Amino acid sequence: MSNETVIPLGEYADGDFYPGYEPRLESRPFLAEPLAPFTRDDESRFWMRDSQHFSEGITPASMGLLEDAQTWGTQYGAEIVGIPPTAGMVNRIAGVHVYLGQCPITSPWQIGARAERFGAFAGPRLADFATYWAGYRAELEAAYAHFDGLDVDALSLDELHDALKDAHAFHRRGWGVHFEVMYLLAANYVGFFQLASDLGLDTGQIAQWLAGEETSYLHTDAELWRLAGRARELDVAVALTEPTVEAVRAALDAAPQGATWWAEFEAFLAVWGQRTDETATMDRPSWAEHPATPLASIREFLTRPEGHDFAAARRDVLAERDRLVDEARATLTEEGRVAFDQALASNRSANFVWWNEEHNFLIDRRIHLPVRRLTLAVADRLVAEGRLGAREDVFFLFRHELLDMLGGGGPSDVPALVVARRDYYDHWSARGSELPPVVGSVPDAVHDPIMTELFGLTPEYFATIKAQGTAKSLSGFAAGRGTVVGTARVVRAAQDIDQVRDGDVLVCGGTTTEWTPVFGLVVGCVTDTGGTLSHTAIIAREYGIPCVVGTGVATSTISTGDRVRIDGDRGVVEVLA
């Protein structure tokens, strides 16, 4: 029998949601079940707050992006791949904050039938993953070239309407690709995990056996460190200490070599700036539009003149990887070594540890930018026609409402609706720190490989949640080896990472790619969520810092300024003072 703990939904089950919201089916909104506000019935299921991807809450315009991603995308991916025990994931909304749950499959017949289908689907794709992924990469890059090449100012309103629908179709398609590949790789990784467990190996080392592959985001970080060095060489470092993008530009304009540095920075943005600081978020600019985040990273990097030696760090990771593999193989029989070598080779060619970082550059942080660009172009036209009060008001319209407006319909009183929804967003966004990290019935385990390996929802995680308030120290995944004592810096949202200082211990709900630059500054990291394949675990290993993920309660237990000890070998965190 499962020993369940129930965390009541309370006021979050009252069905409260944005004023004037009417659920409306899109062309393909879901396969298993739809996104919705919480209801009392949801208390019988488990829900995790996804502060990792949606830290501040979500506007009406972003709701369609969320549906495409975590609701439709996960359900599509699970269906296409045929993952046996899961039909994907689904979202619930508390105020404006995003929670995530699984859509389990319990029928023995369905599980068996899907297992057969999974084998037929996975075999050829895992056998030549490079070609498989290259095809999707080419498809995505061709679409970006199309949308980036549109001259939005030359398009009529009808043409903008059509282009916007195309961008939404591409956005949905991209998330279908995302979760098809992610479920495929996650299932392959879980198979390797099971084999390692059966062979008596330390499963906590698996991700280290696959580490060391370079990604686009590590290249991004290296470029940011290089730009910090160039700022010193060109004697413009002082100008970069200004607190805003506008102030930095003004200070650079006054510096003799300021224009040279800014030109190099713009060249960086042209390649690496097509990304935002959160997933599926319409109202946040890209780095290329407003480069506050990369400038903040460079500003903090300037406090460390010695920089970060990426080549040396990678050599250390690869040496440790090879040492651990050799040690594991030495404990096995000949038969065991054959099985281990085959599984290792499969997981290195179809490498989830590498892909889980690399794909963010093409999908997670970029796929919504064509939708954002065209939405803002439409908003400008509607403002000029007097049908919308201000450009940013468009973020408070749901996708179907904006498309209806372009077709001659839409809400009857848009200005009043925007005001009411802004007030609603401000109220609930401000309450973000009050919302519990998990709600509903806490199980002993979930059976979705993405929820297990990326979000860290393992049996140990659920045991920690159930023991909250009684545990003397925090336990989680040992994600980065070593032990360190340092001062905690609790950061709850990606846009606040500029608070992180050199030598801090980062404590957060979980990290995604936009957090990567701070790993060159911190001496350790602790998170609420995350598994062996989470961004935090992968990057902590690449940077060689002690790290414990999936503690469940780090941000509600540790405060900024606390002295903490991280034992990255045992997966234990202690608050010292």
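The values are calculated or read from the model by the stated rules, or taken from the named source; none is laboratory data. Worth saying up front: this structure is predicted, and the values here are computed from it rather than measured. Please note: Cβ atoms are built from the backbone with ideal geometry, for glycine as well, and neighbour counts cover all protein chains shown. SASA here: full protein model, heavy atoms, side chains in, ligands and nucleic acids out. Shrake-Rupley method; radii C 1.70, N 1.55, O 1.52, S 1.80 Å.
A full extension of the chain between Glu242 and Ala259 corresponds to an added length of 4.5 nm, given 0.36 nm per residue minus the alpha carbon distance. Here's the picture: charge each Lys and Arg Cβ at +1 and each Asp and Glu Cβ at -1 in the chain, and of Gly476, His168, Gly530 the one pushed furthest to the positive end of that dipole is Gly476. Taking the inverse of the mean 1/r over every pair of distinct Cα atoms in the stretch 256-349 gives a Kirkwood hydrodynamic radius of 17.8 Å. Sorted from greatest to least, the principal axis extents spanned by the alpha carbons of the chain come out as 75, 65, 50 Å.
For the pair Glu334 and Ala467 in one chain, pulling the backbone fully straight at 0.36 nm per residue adds 43.6 nm over the alpha carbon distance. In the full protein context, the chain carries 38 Å² of accessible surface per residue, based on a 1.4 Å probe and ignoring ligands, DNA and RNA.
Percent relative contact order of the chain, based on C-alpha pairs within less than 8 angstrom and at least six residues apart?
The normalised contact order for the chain reaches 19 percent.
With all projection directions averaged, the alpha carbon convex hull of the stretch 1-123 covers 9.3 nm².
If eta is 0.890 mPa s and T is 25 °C, what Stokes-Einstein diffusion coefficient results for the stretch 446-577, Kirkwood Rh from Cα pairs, in µm²/s?
Numbers: Rh = 14.0 Å.
Estimated diffusion coefficient is 175 µm²/s.
Taking a point 7 Å out from the Cα of Leu576 in the direction of its Cβ, the residues of the stretch 490-518 whose backbone N falls within less than 18 Å of it are 490, 502-507.
Just need the Rg to Rh number for the stretch 70-197, please, alpha carbons only, Kirkwood Rh. Intermediate results must be reported in sequence, preceding the final value.
Details: Rg = 18.3 Å, Rh = 17.0 Å.
A ratio of 1.08.
In this Cβ point-charge picture (+1 for Lys and Arg, -1 for Asp and Glu), the stretch 202-268 has a dipole of about 160 debye about its Cα centre.
Projecting the Cα atoms of Ala127, Gly432, Trp515 onto the charge dipole of the chain (Cβ charges, centred on the Cα centre) puts Ala127 farthest toward the positive pole.
A probe of 1.4 angstrom, applied to the heavy atoms of all protein chains, finds Phe170 with accessible area near 20 square angstrom. Here the alpha carbons of the stretch 181-338 define both size measures, Rg and Dmax, at 21.8, 69 Å.
Roughly how far apart, in whole Å, are the Cα centres of the stretch 424-447 and the stretch 265-283? Using only Cα atoms, the two centres lie 28 Å from each other. Amide H contacts of Leu100 (H built 1.01 Å from N, in plane; Pro and chain starts excluded): Met48, Arg49, Asp50, Arg92 sit under 5 Å, all sequence-distant by 5 or more or on other chains. Two decimals is fine: what is log10 I(q)/I(0) at q = 0.14, 0.15, 0.19 Å⁻¹ for the stretch 137-272, from a Debye sum with one equal scatterer on every Cα and no solvent? Reported log10 I(q)/I(0), two decimals: -0.95, -0.97, -1.06. Just the protein heavy atoms count here, and of the accessible area of the stretch 208-292 at 1.4 Å, carbon and sulfur take up 54 percent.
As an exercise, use a Förster radius of 60 Å and the Cβ-Cβ distance of Thr106 and Arg249 to find the FRET efficiency, rounded to the nearest 0.05. Please report the intermediate quantities before stating the final value.
Working: r = 58 Å, r/R0 = 0.96.
Computed FRET efficiency for Thr106 and Arg249: 0.55.
Straightening the chain between Asp309 and Ser412 buys 31.2 nm, computed as 0.36 nm per residue apart minus the Cα-Cα spacing. When the Cα atoms of the stretch 80-124 are aligned to their principal axes, the ranges along those axes come out at 42, 25, 9 Å in descending order.
Dividing the summed -39500 (n - 2.57) terms of all DSSP H runs of n ≥ 4 by the residue count of the chain sets its mean residue ellipticity at 222 nm at -15000 deg cm²/dmol.
Contact order normalised by length for the stretch 278-383, with contacts defined as Cα pairs under 8 Å and 6 or more residues apart; what percent is it? Each step should come with its number before you reach the end.
Numbers: 21 pairs, mean separation 60.1, N = 106.
Once normalised by length, the contact order is 57 percent.
Distance between the 7 Å Cα→Cβ label points at Val6 and Lys165: 4.7 nm.
Ligands, DNA and RNA aside, Tyr12 has an accessible area near 40 Å² when probed at 1.4 Å. If you take the alpha carbon atoms of the stretch 372-489 and fit the smallest convex hull around them, that volume is 221 Å³ per residue. If only the Cβ of Lys and Arg carry +1 and only the Cβ of Asp and Glu carry -1, the dipole of the chain around its Cα centre is close to 720 debye.
Rg/Rh, computed from the Cα trace of the stretch 302-451 with Rh as the Kirkwood radius, has the value 1.19.
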